[in-house]
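The values are calculated or read from the model by the stated rules, or taken from the named source; none is laboratory data. Note that the structure is a prediction, hence the values are computed from the model and not measured. Positions of Cβ are generated from backbone atoms using ideal geometry, with glycine treated the same way; all protein chains shown enter the neighbour counts.
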Amino acid sequence: MNRVQPGDATKGAGPSRSARLTPPPASILWGVAIVITTLLVYLSRELVLLLFFSAALAYLLSPLVRIAESAAIRRELAVTGLFITLVVTLLLAAYFLVPRLRAEVSTLYRTSSSLTERLDEAIDAIQKEITTDYPAARRMFPEREARYDKLNAFIEHQTANVPNLVSHLATIVLAGVLIPFFTYFLLRDSRRIVQFLMDRLPPVHIETSVAVWCQIDRIIGRYLRGLAMDGLVIGVAAASGLWVLGVNYPLLLGAFSGLANVVPFLGPILGGGVAMLIALIQFKSLAPLGKVLMLYLAIKLLDDVVIQPMTIGHSVHLHPPLLIASVIVGEHAFGLIGMIVAVPAVTVLQETTKLLLERRHYQAGLPDTHPRKGVRIQSYVC
């Protein structure tokens with residue numbers, strides 16, 4: 001009689017129960033999470049936009065909270081004190097800056113009704129200045145009547161959306177209330193949120209997931225804080241340079257240049273283009289226009305060589321074609337906000353994929369040393 005060897009009864013019976021219950025690889029879980037997140041972002045863009053700005057502010061303020069925590073101050077008290085300090089700082093800044101900004105905006109609004117005529121006069125003056133020295137260049141300029149009609153149609157098209165902005169005033173006010181609200185709770189409860197998400201994962205994937213989260217946290221935090229500092233420096237440099245050159249609305253144009261800088265590729269062009277347009281209408285001469293152009297070229301050079309390496313550093317490691325493609329895809333999918341988010345999002349995806357592949361290769365054949373539920377996130381230094 002043949003003796004049944006141990007394990008013979010299970011041969012051919014298919015995978016064991018423990019094998020069937022083995023959780024899927026972390027790379028699959030993260031891939032599914034990315035797909036679901038992208039779909040939710042596309043379907044609820046307005047809410048995601050609010051959360052994006054709230055998360056960006058939370059990342060910008062988180063180093064200050066960590067400094068307070070290092071001084072033995074509880075996180076809740078540190079976040080509350082930080083928000084009170086910010087409110088006081090913003091009120092003081094508003095007291096000194098808002099009257100000047102309001103005066104510039106009011107003057108610009110009063111003169112906007114004659115914008116077409118003033119721009120046409122400026123172009124006509126430039127045309128005379130050029131054709132006096134170079135008569136052959138006269139053929140480069142269209143007839144004044146045709147040019148005026150085109151300018152008028154362009155300006156009417158650009159200002160047609162102003163009533164829509166006014167009609168969305170309630171939405172803007174609501175966003176101004178919700179963004180600080182979301183930011184406060186993201187700062188206060190960020191560790192609890194991460195811990196809650198980690199506790200929902202299979203224990204075997206906790207260590208890898210924490211490593212991925214820390215990678216994302218480093219990339220986004222470094223990029224957003226660097227981008228904010230970059231925009232601030234550019235805004236101050238542009239406002240100071242335009243004030244020295246005597247261009248109207250230097251504070252308004254400097255603020256616009258700093259904000260526009262967050263848009264990849266187009267930001268510096270937008271900021272410099274608007275400043276040159278104002279200078280063209282104001283001076284009606286090529287020399288001041290050339291000075292404004294040189295100012296923005298100098299700021300761009302300073303930004304590329306000095307400011308960005310110091311602020312953003314090496315947080316973005318994208319090949320130029322991939323960088324351009326990500327911005328184009330982001331613009332087509334989500335508009336302007338897609339262009340802003342595309343670079344850090346693709347960087348996170350690239351670095352996360354690289355990290356998962358490296359960890360999978362490193363852990364192949366090693367014994368299971370993954371932590372179990374209950375391990376606190378604070379034990380992992382991000």
If we keep only residues of the stretch 271-290 that are in contact with a helix residue (DSSP H, G or I) (Cβ under 8 Å, 6 or more places away or on another chain) and more than 20 Å from residue 128 (Cβ to Cβ), then the residue surrounded by the fewest Cβ atoms within 10 Å (Cβ to Cβ) is 274
Would you pick out the residues in the stretch 323-382 that are in a loop (DSSP other than H, G, I, E, B) and either at pLDDT 75 or above or among the aliphatic types (A, V, I, L, M) (or both)?
335, 364, 366, 375, 381
Could you list, in sequence order, the residues of the stretch 324-348 that are out of contact with any Pro (no Cβ under 7 Å at 6 or more places or on another chain), among the aliphatic types (A, V, I, L, M) and crowded, with 17+ Cβ neighbours inside 10 Å?
337, 340, 341, 342, 345, 346, 348
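May I ask you to say which residue of 330, 267, 271, 338 is under 24 Å from residue 56 (Cα atoms) and touching a His at 6+ places or on another chain (Cβ under 8 Å)?
Details: 330 fails: touching a His at 6+ places or on another chain (Cβ under 8 Å); 267 fails: touching a His at 6+ places or on another chain (Cβ under 8 Å); 271 fails: touching a His at 6+ places or on another chain (Cβ under 8 Å).
None of the other options fit; the residue is 338.
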State which residue is farthest from residue 67 (Cα to Cα) when the search covers only the stretch 184-242 and only residues that are surrounded by fewer than 17 Cβ atoms within 10 Å (Cβ to Cβ) and among the polar types (S, T, N, Q).
240
What pairs come up if the first residue lies in the stretch 269-295 and is within 16 Å of residue 241 (Cα to Cα), the second is part of a helix (DSSP H, G or I) and of a type in the set (Val, Ile, Thr), and their beta carbons are under 6 Å apart, counting only those six or more places apart or on different chains?
275/292; 276/292; 279/292
For the stretch 106-122: of the residues being surrounded by 13 or more Cβ atoms within 10 Å (Cβ to Cβ), closer than 20 Å to residue 253 by Cβ and of a type outside the set (Lys, Arg), which is modelled with the lowest pLDDT?
112
